[in-house]
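Here the structure is laid out as structure tokens; the discussion comes afterwards.
Please treat every number below as a calculation from the coordinates, not as lab data. Not measured: the values here are computed from a predicted model. Every residue, glycine as well, gets a Cβ built from its backbone with ideal geometry; the counts of neighbours run over all protein chains shown.
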Amino acid sequence: MSSRLSLGQAFVFLLRRDLLLAFRNRAEYAMPLLFFVLVITMFPLALGALPELLARIAPGIIWVAALLAAMLSLDSIFRSDFDDGSLEQILLSAHPVAILVLAKVSAHWLVTGLPLLMVAPLLAEMLGMSAEAQPTLLLTILIGTPILSLIGAIGVALTVGLRKGGIILSLLVLPLYVPVLIFASSAIDNAAMGFDVSAQIYMLLAFLLLSVSLSPWATAAALRMSAG
Amino acid sequence: MSTSTLLETRDLGCIRNDRQLFERLNFALKAGEMLVVEGPNGCGKTSLLRILTGLRLADGGEILWRGEAIDRLAGDYYEQVNYVGHHDGSKHELSCLENLRLARAMGVPSELDLDDVLEQVNLYAYGESEVGSLSAGQKRRLALARLLATDSMLWILDEPFTSLDKASMEMFSILFEQHLQREGVIVITSHHDISLPTMAVQRLDLGKPS
């Protein structure tokens, strides 16, 4: 009798499968990125010719837009798997579900979080953000968006079985996003004024470590409840 | 044929929407035996099957696999289980082969080549086709092909014959028989008549008050 794949292989397999699915549904996955870009583009138009004001509120604008874009994309982590029954097959896998969940969340971050990182420099330039603040902006997005995906996954796992889970999802998840928002925008503000930002960055890193190590288990437990 | 009991339930109970669907349900399946769960709609057939897979928690009692409770076995139990439920569990955007490869990655791959698996369920020509473009019966055959693509002792099948034609039903009946001969175990619900040697078949009627 042949034996099952190693956990690492199964992880990579599921990650690749989700990336392939995202590639075949690219229109759907482009939505959050488009939303992110459009929201930020509207601000200069709405606020008029006030470059100082714009540069001052740029960190807040970018991070609020990133948060809402992440919210918009969350449902796609588990929705289609729940609807077509593949989620049951994942839950019945011989591998630990938490690790498979981590593979799915990683794939989700690669298709929704990473693109934000790539367009952020352009948007920062457009809002007139100072050159000193831009590396910090990218760093906070790099650390912060995986946290959004990881925390969001718990919320989606809890609400995926409900018919109208959208509102509950935002009520559940947004409060948990607030610390990330606060520390990220405070870091960028400090960087713009030339202060040290290591405190905020360490705080964000701590959030990231905490969510990587805890969220997959919580998500797996919530998925079992939703599927049961 | 060995006579050891593989799957056993002890005083299993299920409550759904404040209604007791069944209680004190006991059965034991030895290697090479099949359990056909019968009863009218809404009597708890699907719930029983989902409880047996571990997807749903029982509201009382326990399930033993080779004498050990399944919630303690976890992954070691799941690698023995193959479940085909109401939903096919295939990704419509992926091809038949990609779906089967995923099923293998999640469980224990069987020694059969995937092309042979597709050949057996008459889907050989559709290996590279997207599942979304297949007919309902073909999708069902692909879902059942998972049984061949992975190695597992216990098959739990919820209405496997939905939207299958007569020829496919017969073909799968033969596959079920072969699985029983290999000392596997099958738990099945079906409104279709299944032609199998009656010796190995136990019947459980959930509709009757026990």
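Observations, loosely collected:
- All lysines inside 30 Å of B:LYS30 as judged from Cα atoms, apart from same-chain residues fewer than 8 positions distant: B:LYS45, B:LYS166, B:LYS208
- About its Cα centre, the dipole of the protein assembly as shown is roughly 600 debye, where the only charges are +1 on Lys and Arg Cβ and -1 on Asp and Glu Cβ.
- Relative contact order, percent, segment B:1-132 [alpha-carbon distance under 8 Å, six or more residues apart]: 22
- Shielding by partners for peptide A:77-88, expressed as the average number of C-beta atoms from other protein chains within 10 Å of each residue's C-beta, is 4.
- Ellipticity estimate at 222 nm from DSSP helix runs (n ≥ 4, -39,500 (n - 2.57)) divided over the protein assembly as shown, nearest 500: -19500 deg cm²/dmol
- Modelled spin-label separation between A:ASN25 and A:ARG79, with each label point placed 7 Å from Cα along the Cα-to-Cβ direction: 0.8 nm.
- Base-10 log of normalised Debye intensity for the protein assembly as shown (one unit scatterer per alpha-carbon) at q = 0.07 Å⁻¹: -0.42
- Percentage relative contact order, segment A:7-227, counting C-alpha pairs under 8 Å, at least six apart: 27
- Loop-located GluC sites (Glu not before Pro) in segment A:32-141, at most 16 other Cβ atoms within 10 Å (DSSP): A:GLU132
- Share antiparallel - DSSP beta bridges, the protein assembly as shown, percent rounded to 5: 45
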